[in-house]
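Everything below concerns the one structure shown next.
The values are calculated or read from the model by the stated rules, or taken from the named source; none is laboratory data. Since we're looking at a predicted model, the values are computed, not measured. So basically every Cβ, Gly included, is an ideal-geometry build from the backbone, and we count neighbours across all protein chains shown.
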Amino acid sequence: MTSKLPFKRLLPTGILGLDDILMGGVRNGNAIVIEGMSGTGRSTMAVEFLFRGATQYDEAGYFITLNSSRLGILRDGAEFSWELKQLEDKQMLKIIEMEAKVLAEDIENNFLNLAEELKKFKVKRLSIDGISALKPHIEKFGTMTYAEALLKLFRLLQSLGITSIMTTDLVRSSPIGESGAGDEQFVADTIISMGNQARGKSVHRFIEIVKSRGQDFFAGRHSLQIMNGIGIKIYPRASVRIGDFNPEDFQPTSIVRVSVGNQTLDEMLGGGVYMGSVTLVTGISGTGKTVAAMQFLMEGARTGQKGLLISLDEHPQQIRRNAESLGIDLIGEENRGNIILAYDGPLELNLDAHLRTIKDLVEKHQVNRVVIDSLAVYELVHPQEAREFIFSLTTYLKKRLIASFFSYESPELLGVSQISKDIKASAIVDNIVLLSYVEISTLLRRAVTVPKSRGSKPAQRTKEYLIQQGGITILEDSSISNVPSVPQLPLSSYYSVLARSPTRTSPVIDETLVSGKDLPISNMPKPGAKRKKRKG
């Protein structure tokens, strides 16, 4: 038989996200085996492959079910708004129930019936659901092995220019990059593994391309959802593999600096932040991280830059209320379309789907500034995946020259000994703004410092700030007021402000050290020394 295939052409499956991880689709004529346990979505994908082919690419499809009913397939398709019956009426789809024994006999008899049927219907896509049901019947005939029968079937389909999907049961669970199928894995061109994975009390669906001959693909496990009204939606795993980064690509950079919404903080950062830079704002709860983020977005709105706030902690209604209490017109900028608020709760957070949501919002609204509040949620919910996700996200934002603020919950109330220890975000970001509490006498005061500002010369000093109407106000030393009972000196009068116990400086010692004189000898006795008796 002469092959009808135009080789090297990729055939789009039409399934959301699947063509992304297949780098455009599968090779035309490939025999695809989908393996998985019951309930993982194998049959749904097999039907959708035909539905998308008929509705998007004008390719006739043929569905053979060896283990379910035709009416059940039509009913299930209706849940996804797939008008399968109408496609049958238009001769674009055919769904038939067939006993495994009948198909096995046709393979044994060199396809006396199937080949003619496929030619007559001008089939371009075919799905066989439950192909492993053939095995006992093939073995009963004894003229060929199950693997040989599959190879014979696949060669027929390839010669007719048909791209096929066969679903099979998973023989065993398998690690990433390996197939758990039986004989099918040795004769198939493409193997797709689908599964469920427990995450706490929830279940996470995943899909993996185990192999696909003659093409590149995005390896690893990707998230999958089965959605009413849509069907299957795949979210490529958070990575820099697809479209975001290539070491040989040109990485855009900008020399344009923008304000963060606070003039003094701009000065501490060396003149604002660059477009395309990532700023980490870290501190314990109550230090004003979200307030600083709101000022950052409000400044963008004032200068014609759209902003996006992704909240993983506070609900948008609470953020709006807090902004209003500080006199920040966040709601007004929302109504004008300058700021977009989005919330993704931590309990069912799927990082792959979450990244897709962020990208969709960025591209839909063409935003210039992004706030993530807060990175600590990623670390809490997905400790093993958080760092790769954050790296992927920052790479995407940098490539689009988006200025971004990431807040991070510090575990320390007083003092700072580490910044984002577990996810090591400090190595990924360009700028770090450290907000902290300082206990002086009986008062808790707030301090801000900029330990890192890539490409700039940050002010290497710590300043006090207040949270008041309008947001954060950073104080100059001369603006510190005194409390009658305890003199309140500016922070410059203390050593180790970021330590747990700042110490007062001594004007006498400082003046002596600056002048180069010897320090005065103390009249205090050394510990353990006997005090001399005073004469008289």
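General observations
- Of all positions in the stretch 3-18, at least one carries a residue that is farther than 30 Å from Gln197 by Cα and either in a helix (DSSP H, G or I) or small (Gly, Ala, Ser) (or both).
- Condition check for Ser132 on (1) assigned to a helix (DSSP H, G or I); (2) touching a helix residue (DSSP H, G or I) at 6+ places or on another chain (Cβ under 7 Å); (3) of a type in the set (S, T, N, Q): one failure, at (2).
- For Ala342, the stated conditions do not hold, so it cannot be described as free of Cβ contacts under 8 Å to residues at least 60 places away in the same chain, in a helix (DSSP H, G or I) and among the small types (Gly, Ala, Ser).
- When the helices (runs of 4 or more DSSP H) confined to the stretch 24-111 are screened for residues that are more than 25 Å from Lys135 (Cα to Cα) and either touching a residue at least 24 places away in the same chain (Cβ under 8 Å) or touching a strand residue (DSSP E or B) at 6+ places or on another chain (Cβ under 6 Å) (or both), those reaching at least 1 such residues are found at 42-56, 70-79, 84-89.
- Filtering Ala353, Ala376 for residues that are of a type outside the set (Asp, Glu), in a helix (DSSP H, G or I) and farther than 20 Å from Pro236 by Cβ leaves a single hit, Ala376.
- Filter result for Ser223 (closer than 19 Å to Ile32 by Cα, buried (at least 22 other Cβ atoms within 10 Å of the Cβ) and outside the structural domain of Pro383 (by TED's automatic domain parsing)): no
- Test: residue in the stretch 37-49 that is crowded, with 23+ Cβ neighbours inside 10 Å, at pLDDT below 95, under 25 Å from Ser81 (Cα atoms) and in contact with a Ser or Thr (Cβ under 9 Å, 6 or more places away or on another chain): no
- Any chance Ile331 is touching a residue at least 12 places away in the same chain (Cβ under 8 Å), of a type in the set (Val, Ile, Thr) and in the same structural domain as Gly470 (by TED's automatic domain parsing): no
Conditions (1) in contact with a helix residue (DSSP H, G or I) (Cβ under 7 Å, 6 or more places away or on another chain); (2) over 30 Å from Phe80 (Cβ atoms); (3) modelled with pLDDT under 95, marked per residue:
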{"residue": "Gly195", "(1), (2), (3)": "no, no, yes"}
{"residue": "Gly229", "(1), (2), (3)": "no, no, yes"}
{"residue": "Arg237", "(1), (2), (3)": "yes, no, yes"}
{"residue": "Gly243", "(1), (2), (3)": "no, no, yes"}
{"residue": "Glu248", "(1), (2), (3)": "no, yes, yes"}
{"residue": "Thr253", "(1), (2), (3)": "no, yes, yes"}
{"residue": "Asn262", "(1), (2), (3)": "yes, yes, no"}
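- Restricting the stretch 289-339 to residues that are assigned to a helix (DSSP H, G or I) and among the small types (Gly, Ala, Ser), the residue that is nearest to Ser259 (Cα to Cα): Gly300
- In the stretch 186-217, the residues that are touching a strand residue (DSSP E or B) at 6+ places or on another chain (Cβ under 7 Å) and among the aromatic types (Phe, Trp, Tyr): Phe206, Phe217
- Selection status of Ile372, in contact with a helix residue (DSSP H, G or I) (Cβ under 7 Å, 6 or more places away or on another chain), under 29 Å from Ala447 (Cβ atoms) and surrounded by 16 or more Cβ atoms within 10 Å (Cβ to Cβ): no
- Of all residues in the stretch 82-126 being buried (at least 20 other Cβ atoms within 10 Å of the Cβ) and not aliphatic (A, V, I, L, M), the one that is farthest from Pro136 (Cα to Cα): Trp82
- Positions within the stretch 61-81 being of a type in the set (A, V, I, L, M) and surrounded by 15 or more Cβ atoms within 10 Å (Cβ to Cβ), in sequence order: Ile64, Leu66, Ile73, Leu74
- Checked across the stretch 339-358, the condition of being more than 18 Å from Ser277 (Cα to Cα), in contact with an Asp or Glu (Cβ under 7 Å, 6 or more places away or on another chain) and surrounded by fewer than 18 Cβ atoms within 10 Å (Cβ to Cβ) holds for at least one residue.
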